[in-house]
Amino acid sequence: MDIKVSVREAPGHAYVVELSGEIDVYTSPKVKDAITELIDRGHYNLVINLGNVRYIDSTGLGVLIGGLKRVREHGGSVNLVCTNPQIKKIFDITGLVKIFGIFDDEDSAMKALV
């Protein structure tokens with residue numbers, strides 16, 4: 001059970017946080033740290049790529065919601081890239097599809113930020 005987090009700058013003053021692995025109670029702090037660091041540095045338009053995430057629990061969802069709340073305080077937004085049907089289903093069941101923009105690819109998610 002591990003998570004790989006990589007952050008890169010994208011066109012249009014946005015940042016992509018690419019996650020790979022499992023987001024649970026053990027790995028969530030690493031994800032939270034990456035998102036918090038970006039926000040603390042003044043980056044409020046984020047795309048979080050969950051394309052290689054195999055599992056996410058309530059702790060992981062909480063980290064994503066917390067990040068979204070913080071960027072919204074600064075007029076920013078968070079869009080998610082999610083292609084895994086099981087992960088998408090979790091966002092459907094929890095109603096988080098209503099608060100996050102969820103896209104099939106990074107390009108769509110980036111365009112929707114602006």
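The values are calculated or read from the model by the stated rules, or taken from the named source; none is laboratory data. Because the structure is predicted, anything quoted here is derived from the model rather than measured. Note that each Cβ is placed from the backbone with ideal geometry, even for glycine, and that neighbours are counted across all protein chains shown.
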Q.
Name the single residue that is surrounded by the fewest Cβ atoms within 10 Å (Cβ to Cβ) among those in the stretch 53-68 being aliphatic (A, V, I, L, M) and part of a helix (DSSP H, G or I).
A. 65
**Q.** residue 39, sole failed condition from (1) outside any strand (DSSP E or B); (2) out of contact with any His (no Cβ under 9 Å at 6 or more places or on another chain)
**A.** (2)
Q: Go over the candidates 23, 39 one by one and state the one that is within 13 Å of residue 64 (Cα to Cα), hydrophobic (A, V, I, L, M, F, W, C) and under 12 Å from the mean Cα position of the chain (by Cα).
A: 23
Q) Only one residue in 71, 47 is aliphatic (A, V, I, L, M), outside any helix (DSSP H, G or I) and either closer than 20 Å to residue 12 by Cβ or at pLDDT below 95 (or both). Which one? A) 47
(Q) Name the single residue that is farthest from residue 48 (Cα to Cα) among those in the stretch 1-30 being part of a loop (DSSP other than H, G, I, E, B) and β-branched (Val, Ile, Thr). (A) 25
**Q.** Search result, residues across the stretch 4-38 that are of a type in the set (A, V, I, L, M), touching a Lys or Arg at 6+ places or on another chain (Cβ under 8 Å) and farther than 16 Å from residue 62 by Cα
**A.** 5, 16
